There are 2 protein chains.
Amino acid sequence: MSSLVLKRFSSTFTAKPIPSKAHHHIPLPSSSFPSGYALTGIHAGVKKQAGVPDLSVILSTSEHPTSAAACFTRNAFKAAPVLVSDEVLKKNGGWAKAVVVNSGCANAVTGKQGMDDAWAMVKATDALLPPSAKFEHQTLVMSTGVIGQNLPISKILSGIRESKETLNSDFSAWERAAQAFMTTDTFPKLRSRVFKINGFEYRMAGMDKGAGMIHPNMGPATTFKPKQLHATLLGCILTDAAVSPKSLQDALTYAVDRSFNSISVDGDMSTNDSIYALANGAAKGPLIDEETDKEAYEVFKKELTDFATDLAQLVVRDGEGATKFVTVTVKGAPSYRDAHNIASRISTSALVKTALYGEDANWGRILAASGSVPLLPSSSTGEPLTIDPTKVSVTFIPSDGTSPLPVLVNGEPEVVDEVRAKEIMTLEDFEIFVNLGMSDDPEGEAKYWTCDFSYEYVRINGDYRS
Amino acid sequence: MSSLVLKRFSSTFTAKPIPSKAHHHIPLPSSSFPSGYALTGIHAGVKKQAGVPDLSVILSTSEHPTSAAACFTRNAFKAAPVLVSDEVLKKNGGWAKAVVVNSGCANAVTGKQGMDDAWAMVKATDALLPPSAKFEHQTLVMSTGVIGQNLPISKILSGIRESKETLNSDFSAWERAAQAFMTTDTFPKLRSRVFKINGFEYRMAGMDKGAGMIHPNMGPATTFKPKQLHATLLGCILTDAAVSPKSLQDALTYAVDRSFNSISVDGDMSTNDSIYALANGAAKGPLIDEETDKEAYEVFKKELTDFATDLAQLVVRDGEGATKFVTVTVKGAPSYRDAHNIASRISTSALVKTALYGEDANWGRILAASGSVPLLPSSSTGEPLTIDPTKVSVTFIPSDGTSPLPVLVNGEPEVVDEVRAKEIMTLEDFEIFVNLGMSDDPEGEAKYWTCDFSYEYVRINGDYRS
């Protein structure tokens, strides 16, 4: 009998080197940071290693009111900081002046103690701000790290009180704040930009973190959508524009869907994913509001979306064990949601991701993944829709400006130049382009960003206890 | 700047040995195989290696009419053999007497040529049967292997013609037929059983294949559900019971949902997944029909479901790179579909599967995966339903009969005995048991079977070209 049993196992693994991510850690000019914010990142003692920042405090020091918006994980097991921050935003109608963040412990699945601890972090940070006649609380909170453990709350509260001494608004302060977000990240993720609306100059800066358990699906805070409550991706975007609370939330919801909700490292959604945006009006520009000046709002929304996309892509760049950064574009779908669902499935397919690691232009796996996603019923007739295989095309697009390589055209496999295919696949960056051919509507297009699946990923997440 | 950038990469990987799967390849008594079938497995030349079986021919030789049913992949890119077999079943109203199977080439995404080739396989196999006055075609076809390549059809047609000489019904013929199904499988997957209905004895035998691209979602053939056309998992179940075509299809649909549609190796759905069932009445028992004898039908359905589960589990046992066989049970859900969706998400989570490989009782990852699945709206009120985290419990259940280990009880983390947790996690077989606590209805329970994610998986699917 045993002659029929094949041996498939090899114990020797030749791993490709993981490319350095150091060049994504760049210096930023102080003039590009928004006015009216003071920040710090300190070691409070959540993490064992001395000196490693694990607590970030971000305050708006603007004399103008500071609007705030958030998108939270849709996971059913929302961590305490998610529930508490949503409550603060809701009570305040979209106003808040501070964000406090700890890494090393997620304060998730921690019951009543967890809620008490999250509230204690809010109150301690509130105490760093001038008292408000209008709002009981003015702080949003975020945590990231291990699930199911309680915070070392007294160390954190001491840290918050002491943070006052190191609050600053220079580049180094922004960088320390970003560092305190990090868990398995290999570099602090901080970006800034200057933009104009109607000739008026604004600035925006933000930090985020995340390398694993990255497949966010975040919805807006309950502030303006009471029926739709919906984090370990953490991000915080700060601008000195003045934006009305509802417009800030609407712009953030749109931006998050097309940025943070369009990335995947491992397909796993966290209990803590949270993106916060603060707009403090310190640039002294006119109020941006979608009702009163739609045009200005649209410019702001686009800037926010582009900026959020930059921040989101950094997470994929730093994905656990990642050697590739791959853009997945799906167009010609009946709807944005269909295009997004298919791009998401391609981006999370283990077979596609291991083929990316193997630098193999395996379009059969891309197609199988695409076809496994049921389309939504027609929005006009409610009829079920199906992909027409004879209309589907797949192309590999290199990032170096050389010619794209069509591998499937209108459902017919091309005779592929394997040498050329290999040239593209060995690049660190390239794009998988799938055209379903069902519609010309630009709304039928979505982008996703993903990385490959390497030996290193298995080591980080499987071998770490040994 | 670069001092902030951490190095995370290690190039040395100590892989655990993959346990031998040889003991799942077992001898079966000839008396356990159903009467009235003749089979063979031969080398037709689809696969390069001489002598390796790549073509299987299965004929019903019963004098009674042979009913046939199928479940096919719901992938939008259905392979030609799927479309052709569905057409044959539909035209015949659920009657067919033969199955022809090739491995080495999937005949998927092969356009018109692919359809012509699949029909040619049907016709060549038809020619091995006595002509039928009633049916133009009597054969179902299946293919598995590489996507996007045409079949070496003349070799296959010669093979079918020559197969007549080796058709037999002894154990060796069944085993050769099962061998011809194999691709990356390490052992032929063949099982048989004897069962009784109302004191009458029947037999059932079947073979399947699959080790990667395993996350089937198959729906019934269009025979009886014309609006719902919906498989590289291949399986074929043969019985000598007499079952009416509709009852055979209904029983198979139920069985496949709770067996083949409840397994995952890598979360990727194929373009070719197909399960066929033939019932040839050669045991000369009374006709089994759900309308005329519900009780007998229910016994048959249960036997078929149990048998399909045995076959499906063999695929997970032989999962690419698998070192673990893990049962995921979700109970207390509002519906079977909710329980099944959550069990599926836990079973496909890269973080859960790498933790299984690392033998780490990481219940936080299990919980995060569970919570990422939206529940269906209430079947009675249509209201959205959400998991109540305070009612959820998670337990690890060892397969050796020793005590289960609760890690989360009603949303509260237990103080876990890490030594005991490690004892359970080092077993090859164990169960992850999640109770959502939302209902006591037995319908709110579903089981899934999955394996771990190892270095070997990455090698098989990423390194194979190098």
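The values are calculated or read from the model by the stated rules, or taken from the named source; none is laboratory data. This is a predicted model, so every value here is computed, not measured. We place every Cβ from the backbone using ideal geometry, glycine too, and count neighbours over all the protein chains shown.
Data table
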read-out: Test: residue in region B:229-246 that is of a type outside the set (Val, Ile, Thr), in a helix (DSSP H, G or I) and assigned by TED's automatic domain parsing to the domain that holds B:Pro65; value: yes
read-out: Which listed residue is modelled with pLDDT of 95 or more and more than 30 Å from A:Val458 (Cβ to Cβ), from A:Val243, A:Val326; value: A:Val243
read-out: Residue list for region A:77-95, filter: away from chain B (no Cβ under 14 Å) and not in a helix (DSSP H, G or I); value: A:Gly93, A:Gly94, A:Trp95
read-out: Residue check for B:Ile397: farther than 12 Å from B:Phe325 by Cα, touching an Asp or Glu at 6+ places or on another chain (Cβ under 7 Å) and of a type outside the set (Gly, Ala, Ser); value: yes
read-out: Selection within region A:150-168 - touching a strand residue (DSSP E or B) at 6+ places or on another chain (Cβ under 6 Å) and not hydrophobic (A, V, I, L, M, F, W, C); value: A:Gly159, A:Ser163, A:Thr166
read-out: Single residue of region A:356-410 satisfying the filter (more than 19 Å from B:Ala79 (Cβ to Cβ) and within 7 Å of another protein chain (Cβ to nearest Cβ)) that is surrounded by the most Cβ atoms within 10 Å (Cβ to Cβ); value: A:Tyr357
read-out: B:Thr125 vs. criteria β-branched (Val, Ile, Thr), more than 14 Å from chain A (Cβ to nearest Cβ), outside any loop (DSSP other than H, G, I, E, B) and crowded, with 23+ Cβ neighbours inside 10 Å; value: yes
read-out: Residue tally, condition in contact with an Asp or Glu (Cβ under 8 Å, 6 or more places away or on another chain), among the polar types (S, T, N, Q) and modelled with pLDDT of 85 or more, over region A:1-51; value: 2
read-out: Some residue of region A:171-189 being surrounded by fewer than 21 Cβ atoms within 10 Å (Cβ to Cβ) and either part of a strand (DSSP E or B) or outside the structural domain of A:Thr40 (by TED's automatic domain parsing) (or both); value: no
read-out: Verdict on B:Asp117 being farther than 20 Å from B:Ile275 by Cβ and among the charged types (D, E, K, R); value: yes
read-out: Residues of region A:298-314 satisfying the condition of being of a type outside the set (Asp, Glu) and touching a strand residue (DSSP E or B) at 6+ places or on another chain (Cβ under 6 Å); value: A:Val299, A:Phe300, A:Phe307, A:Leu311, A:Ala312, A:Gln313, A:Leu314
read-out: Any hit, region B:96-119, residues being surrounded by fewer than 19 Cβ atoms within 10 Å (Cβ to Cβ), within 14 Å of chain A (Cβ to nearest Cβ) and touching a strand residue (DSSP E or B) at 6+ places or on another chain (Cβ under 9 Å); value: yes
read-out: Residues located in region B:135-149, provided they are surrounded by fewer than 21 Cβ atoms within 10 Å (Cβ to Cβ) and in contact with a strand residue (DSSP E or B) (Cβ under 8 Å, 6 or more places away or on another chain); value: B:Phe135, B:Gly145, B:Val146, B:Gln149
read-out: Hits in region B:424-466 (condition: surrounded by fewer than 18 Cβ atoms within 10 Å (Cβ to Cβ) and assigned to a helix (DSSP H, G or I)); value: B:Pro442, B:Glu443
read-out: Residue check, A:Ile58 within 13 Å of another protein chain (Cβ to nearest Cβ) and either modelled with pLDDT of 85 or more or farther than 30 Å from B:Asn461 by Cβ (or both); value: no
